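Okay, so here's the structure we're looking at.
The values are calculated or read from the model by the stated rules, or taken from the named source; none is laboratory data. These figures come from a predicted structure and were not determined experimentally. So basically every Cβ, Gly included, is an ideal-geometry build from the backbone, and we count neighbours across all protein chains shown. Side chains included, ligands, DNA and RNA excluded: accessible areas come from the protein's heavy atoms. Shrake-Rupley method; radii C 1.70, N 1.55, O 1.52, S 1.80 Å.
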Amino acid sequence: MMVVSTYIGIYYNVVICIAFYYFFSSMTHVLPWAYCNNPWNSPDCAGVLDASNLTNGSQPATLPSNLSHLLNRTLQRTSPSEEYWRLYVLKLSNDIGNFGEVRLPLLGCLGVSWVVVFLCLIRGVKSSGKVVYFTATFPYVVLTILFVRGVTLEGAFTGIMYYLTPQWDKILEAKVWGDAASQIFYSLGCAWGGLITMASYNKFHNNCYRDSVIISITNCATSVYAGFVIFSILGFMANHLGVDVSRVADHGPGLAFVAYPEALTLLPISPLWSLLFFFMLILLGLGTQFCLLETLVTAIVDEVGNEWILQKKTYVTLGVAVAGFLLGIPLTSQAGIYWLLLMDNYAASFSLVVISCIMCVSIMYIYGHRNYFQDIQMMLGFPPPFFFQICWRFVSPAIIFFILIFTVIQYRPITYNHYQYPGWAVAIGFLMALSSVICIPLYALFQLCRTDGDTLLQRLKNATKPSRDWGPALLEHRTGRYAPTIPPSPEDGLEVQPLHPDKAQIPVVGSNGSSRLQDSRI
């Protein structure tokens, strides 16, 4: 989980830095991606606004009939927002191996995003918990503002109907189910380690059952709500151009930084809507990034566990932030978007599914479902509902396993627009995916070698048993089968103080802080 969180933390802040760049670029009278009369535009650029309207602000103009005919006739329209993204912001190179130059504006924004993350985490969950109140709630305000504006536009209903109409022919494609699973893993933070990290700061008897239900429902409802916001404005844009919604819709970075920004240029006072939209993306990204960084810092501090590192946790946070910034520099080069998508598709997609499947099987069938259910009852005061027990034991592992199998069967190499990734780049992607999963069998072999036993079978049995000091960190919570049979002594390892002193006192504010307008997975 730490390896996965490291990969995601590196490239996710690059996405945030691009959102920062667009946010700063929106502080102008006319959005720079509204027209085709800029130095970076090519002769093939075809804007949705009349060039003569440039002097009249950013009000939408009637599309000339010849341009409308052109847009209806070709699928290869090069929009000013696309050229701004590709030729100006990224200065995209022609190959993943051609790094070119580092884009200094993006590098500066990357520094800003890491500084913001560090300052919000400078006191650990004491500071991030307060910040999350804002980063987790204000995006709903922006979403509502954009929703009200979107549904009042002409053509919004067409876009919403496109969003709500199922495409049944896609239901048999494994990629659709794989993407859906990845989306849930991203939005809920499953197998990232963030949920375990933040939950470790909760009180022992916190009602995590209630929290999990609330967070799951809220997360999915937010994703649905965000879809209405996005497709209402995309429907307006499609109506303005006289084309189908599918022609203006996009996915991944193309939706957040090409299609939607272009649609915003059609609105009156377009810079205002652009500022709100990218400010929302920044807050959504920061909420996730807080959790990723806190996961790495907490894991390092807890693993070392001595008094010095507990007192110097701020320096550990600074060190992780600086390392993340340095490792993110190549992603701000001209080939950076290729590497970002490679990490997104391999380093933290396939791995999450594998880790989650192994985690379900390990807890239910090696640690034992009865032990697990008793642990939950000891903390909550009641056993987990029967529905959850069935899901954990049978349904969830089976679904994850079949998604994994079908994803492998219908695997297709990664592409970006019309660019085909070379074989060596795909190999690097698989190595990144393998680097996190391989930790599981390697550590299992390590434990097997250091466990007592005369035979391999005896070693295996001993290695799959909990250690003697396994159980609640505080002596007062050790009840039932964890109750000490003799008075505790320092040699027993039953410390009254937990490994991390803050964790006995500070309730968790949220899980991974991410909502899901995110498919970027924003």
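Numbers below:
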item	result
Helices (runs of 4 or more DSSP H) fully within region 220-336 counting 2 or more residues that are open to solvent by 10 Å² or more (accessible area, probe 1.4 Å)	245-248, 270-304, 307-311, 313-328
Unique match (being within 26 Å of VAL229 (Cβ to Cβ) and open to solvent by 40 Å² or more (accessible area, probe 1.4 Å)) among VAL132, VAL116, VAL102, VAL89	VAL116
Sole exception among (1) within 25 Å of LEU340 (Cα to Cα); (2) surrounded by fewer than 16 Cβ atoms within 10 Å (Cβ to Cβ); (3) not assigned by the TED database to the domain that holds ILE337 for MET432, by number	(2)
Residues satisfying the stated conditions in region 24-37, i.e. open to solvent by 40 Å² or more (accessible area, probe 1.4 Å) and touching a residue at least 40 places away in the same chain (Cβ under 8 Å)	PHE24, MET27, THR28, HIS29, CYS36
Selected residue [small (Gly, Ala, Ser), assigned to a helix (DSSP H, G or I) and more than 19 Å from the chain's Cα centre (by Cα)] from SER93, SER127	SER127
Close pairs (7 angstrom Cβ cut-off, 6 or more residues apart or separate chains): touching a residue at least 24 places away in the same chain (Cβ under 8 Å) in region 158-174, assigned to a helix (DSSP H, G or I) and of a type in the set (Val, Ile, Thr) anywhere	THR158/VAL245; GLY159/VAL245; TYR162/VAL245; ALA174/THR407; ALA174/ILE409
So ILE400, is it surrounded by 15 or more Cβ atoms within 10 Å (Cβ to Cβ) and either touching a residue at least 40 places away in the same chain (Cβ under 8 Å) or more than 25 Å from the chain's Cα centre (by Cα) (or both)	yes
Single match in LEU352, LEU292, LEU284, LEU310 (criterion: more than 18 Å from TRP192 (Cα to Cα) and either under 17 Å from the mean Cα position of the chain (by Cα) or not β-branched (Val, Ile, Thr) (or both))	LEU310
Segments classed as helices (runs of 4 or more DSSP H), wholly inside region 143-218, with at least 3 members that are within 30 Å of LEU266 (Cβ to Cβ)	156-164, 174-188
